[in-house]
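If you scroll down you'll find the structure; I have some questions about it.
The values are calculated or read from the model by the stated rules, or taken from the named source; none is laboratory data. Source: prediction; values computed, not measured. In this analysis, Cβ positions are derived from the backbone assuming ideal geometry, glycine residues included, and neighbour counts consider all displayed protein chains. In case anyone asks, the SASA skips ligands and DNA or RNA and just uses the protein heavy atoms, side chains included. Shrake-Rupley method; radii C 1.70, N 1.55, O 1.52, S 1.80 Å.
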Amino acid sequence: MFKSLRCFRKPSAQSFEHRLNLEARSRGAATLKAAGAELNGDVISLGTGRPSPEYFPFLKMSLDFPTSPGLFEDRLDYAQSKSIGKYDIEEKKSTFDLAVSLNYGYSAGSEQLIRFLTEHVDVVHNPPYSDWQCALTAGTTSAIDCIFRTFCDRGDFVITEEYTYSATIEAARPLGLRTVGVPMDDQGMSSSKLDSLLSEWDPFQRGGRKPFLLYLIPTGQNPTGVTQSLQRRREIYAVAQRHDLYIIEDDPYYFLRLGSEKVTTPKEHHSLPLAKEAVESFLHDLIPSFLSLDSSGRVLRLDSTSKILAPGLRCSWMTGSAEIISRILYLHDATTVCPSGLSQLAIHTLLDEVWGHEGFIEWLIHLQNKYTQRLNVMLESCETYFPPKICSWKTPKAGMFHWIKIDWRAHPLAPSTAKSESETMLEIEDRIYSRGLKMGVMCCKGSAFRADGAHGCEMFFRVTFASASVPQISEAIKRFGKAICEEFKINS
């Protein structure tokens, strides 16, 4: 499966079949796809309903890609055009073509793209056990739904950070799952609070069995922007070992580190030695992932193309032990089948045929620099337009989000209402949100990300520096600052 030889000198993963739910244990490989394993070059298949490529009404696809990712500035000065035909494999022009990509594919994804991603994971994460495997998903949100359906039964609890990705909460709820949030600090989820939660769990008082599935976003956490240190990751992994947790590492912002902008390439075409030096430095500075710490095979890592290539591709990848990956792929066979073949073809052409591994890392360095520029504009605007006695924040080290704390108790409504503290906070939060809309800016309410459904007593707003243009970022913060000042009766 395209791994380096060093992989096979490592031990095998521990089995986590005991954590699978009844649906997953009952599900097997799709009958017709399993039969396909019997095919070889001498067998003529009359067994599957795969249409003949000659009847696909697509003859050729042409795409232009930037050949120098570190130099790309939304222009095609260095573009490379790639023309992909229907029968390029047969004509020995490429290893992937329209005839293959437009037909039914493997539930794990195309061999061509899986090879590149497996090599990428081997280099970047180097999992400590031998039987790990990569597989494609139809985006991380789809993967999370599949994971819940593989591990959890109705009534189960899923452990998350105190504030977490709202789509994860929304995926859990219809399945009858409940999320329980672990308090966070400047380093993310508290390992000691996690340990206490599990050690003191009372199934009768809680109304459910002790949770075993831990979902977290360790880098540039959505929504708080917090990044876990290596020490914190080791502490959480140790707790997971102690309580036999299975970890879902959702890490779409892993490569989007933020800080002072780093110029890693000159304005003209750079030489290969400089590219190698920049790539090695970038990889060296990455905080090791949970996957890279996973000595027992209890981590399922989710990587996303949405934040580093394009969200409309709906094609991402997961990495975990072959045992767990195979169970999720059985579900893929009966649901998504496989991610879009055209998306796989486009991604493979870009990553493997145009950029290669070094070029991919150069692109990630480019994104890091660009998002750092945007964050700096947002931070400067926050300093200029937000009232300092009302608003506070910590600078994110990765990701796309800035988490603003609001001292809602200073609001004129706070001391005069007879409502509970939580109700008052939510009312003021809604007033700020609504006034922001009237001013022409939309920000996300922090309460939408509360994991356990309780709204707590602190108020936050999540703002992103990823989508709006640089001038719009400054203007949006100006408008939101004005909305806050008007709500709190402050002369701006």
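Evaluate the following for Ser94: is it surrounded by 11 or more Cβ atoms within 10 Å (Cβ to Cβ), closer than 30 Å to Ala278 by Cα and modelled with pLDDT of 80 or more?
Answer is yes for this residue.
Of the residues Leu350, Leu309, Leu329, only one is hydrophobic (A, V, I, L, M, F, W, C) and farther than 27 Å from Ala468 by Cα; which?
Leu329
Do we have any residue at all in the range 233-252 that's modelled with pLDDT of 95 or more, under 18 Å from Glu162 (Cα atoms), open to solvent by 20 Å² or more (accessible area, probe 1.4 Å) and not aliphatic (A, V, I, L, M)?
yes
Any idea which of (1) touching a Lys or Arg at 6+ places or on another chain (Cβ under 9 Å); (2) at negative phi; (3) not aromatic (Phe, Trp, Tyr) is the one Gly399 doesn't satisfy?
Evaluating Gly399 over (1) touching a Lys or Arg at 6+ places or on another chain (Cβ under 9 Å); (2) at negative phi; (3) not aromatic (Phe, Trp, Tyr) leaves (2) as the failure.
If you don't mind, another one. Which one of the conditions (1) in contact with a helix residue (DSSP H, G or I) (Cβ under 8 Å, 6 or more places away or on another chain); (2) loosely packed, with under 14 Cβ neighbours inside 10 Å; (3) not acidic (Asp, Glu) does Ala414 fail to meet, given that it meets all the rest?
(2)
In the range 79-91, what residues are open to solvent by 40 Å² or more (accessible area, probe 1.4 Å), of a type in the set (D, E, K, R) and under 18 Å from Ser62 (Cβ atoms)?
Correct list: Lys82, Glu91.
Same structure, new question: Please go through the range 480-492 and pick out each residue that is more than 28 Å from Gln368 (Cβ to Cβ) and either in contact with a helix residue (DSSP H, G or I) (Cβ under 9 Å, 6 or more places away or on another chain) or assigned to a helix (DSSP H, G or I) (or both).
Answer for the range 480-492, where residues must be more than 28 Å from Gln368 (Cβ to Cβ) and either in contact with a helix residue (DSSP H, G or I) (Cβ under 9 Å, 6 or more places away or on another chain) or assigned to a helix (DSSP H, G or I) (or both): Lys482, Ala483, Ile484, Cys485, Glu486, Glu487, Phe488, Ile490, Asn491, Ser492.
The rows are residues; the columns are (1) of a type in the set (D, E, K, R); (2) part of a helix (DSSP H, G or I); (3) within 21 Å of Lys405 (Cα to Cα); (4) open to solvent by less than 10 Å² (accessible area, probe 1.4 Å).
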site	(1), (2), (3), (4)
Leu342	no, yes, no, no
His357	no, yes, no, no
Leu364	no, yes, no, yes
Lys370	yes, yes, no, no
Asn376	no, yes, yes, no
Leu379	no, yes, yes, no
Cys382	no, yes, yes, yes
Pro388	no, no, yes, no
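Tell me which of these Leu22 doesn't satisfy, since it passes every other one: (1) in contact with a Ser or Thr (Cβ under 9 Å, 6 or more places away or on another chain); (2) exposed (fewer than 10 other Cβ atoms within 10 Å of the Cβ); (3) closer than 30 Å to Asp294 by Cβ.
(1)
Residues checked against (1) open to solvent by 50 Å² or more (accessible area, probe 1.4 Å); (2) in a helix (DSSP H, G or I); (3) out of contact with any helix residue (DSSP H, G or I) (no Cβ under 8 Å at 6 or more places or on another chain):
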| position | (1), (2), (3) |
| --- | --- |
| Arg431 | yes, yes, no |
| Asp452 | yes, no, yes |
| Val463 | no, no, no |
| Ser474 | no, yes, no |
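Another question, then. I'd like to know if the range 467-479 contains one or more residues that are modelled with pLDDT under 95, touching a strand residue (DSSP E or B) at 6+ places or on another chain (Cβ under 9 Å) and of a type outside the set (D, E, K, R).
There is no residue in the range 467-479 that is modelled with pLDDT under 95, touching a strand residue (DSSP E or B) at 6+ places or on another chain (Cβ under 9 Å) and of a type outside the set (D, E, K, R).
Can you tell me which residues in the range 277-331 are surrounded by fewer than 17 Cβ atoms within 10 Å (Cβ to Cβ), in contact with a helix residue (DSSP H, G or I) (Cβ under 7 Å, 6 or more places away or on another chain) and modelled with pLDDT under 95?
Leu283
Name every residue in the range 1-13 that is within 25 Å of the chain's Cα centre (by Cα) and closer than 21 Å to Asp244 by Cα, in order of residue number.
The one that is within 25 Å of the chain's Cα centre (by Cα) and closer than 21 Å to Asp244 by Cα: Ala13.
Against the definition (buried (at least 20 other Cβ atoms within 10 Å of the Cβ), touching a Ser or Thr at 6+ places or on another chain (Cβ under 9 Å), β-branched (Val, Ile, Thr) and more than 30 Å from Ala79 (Cα to Cα)), how does Ile406 come out, yes or no?
yes
Would you call Leu32 under 29 Å from the mean Cα position of the chain (by Cα) and either closer than 16 Å to Leu329 by Cα or surrounded by 13 or more Cβ atoms within 10 Å (Cβ to Cβ) (or both)?
Considered against the rule, which asks whether it is under 29 Å from the mean Cα position of the chain (by Cα) and either closer than 16 Å to Leu329 by Cα or surrounded by 13 or more Cβ atoms within 10 Å (Cβ to Cβ) (or both), Leu32 comes out as no.
Here's another thing I want to ask about it. List the helices (runs of 4 or more DSSP H) that sit entirely inside the range 122-225 and contain at least 2 residues that are without any contact (Cβ under 8 Å) to a residue 12 or more places away in the chain and open to solvent by 30 Å² or more (accessible area, probe 1.4 Å).
Because the criterion is at least 2 residues that are without any contact (Cβ under 8 Å) to a residue 12 or more places away in the chain and open to solvent by 30 Å² or more (accessible area, probe 1.4 Å), the helices (runs of 4 or more DSSP H) in the range 122-225 that meet it are 191-199, 203-206.
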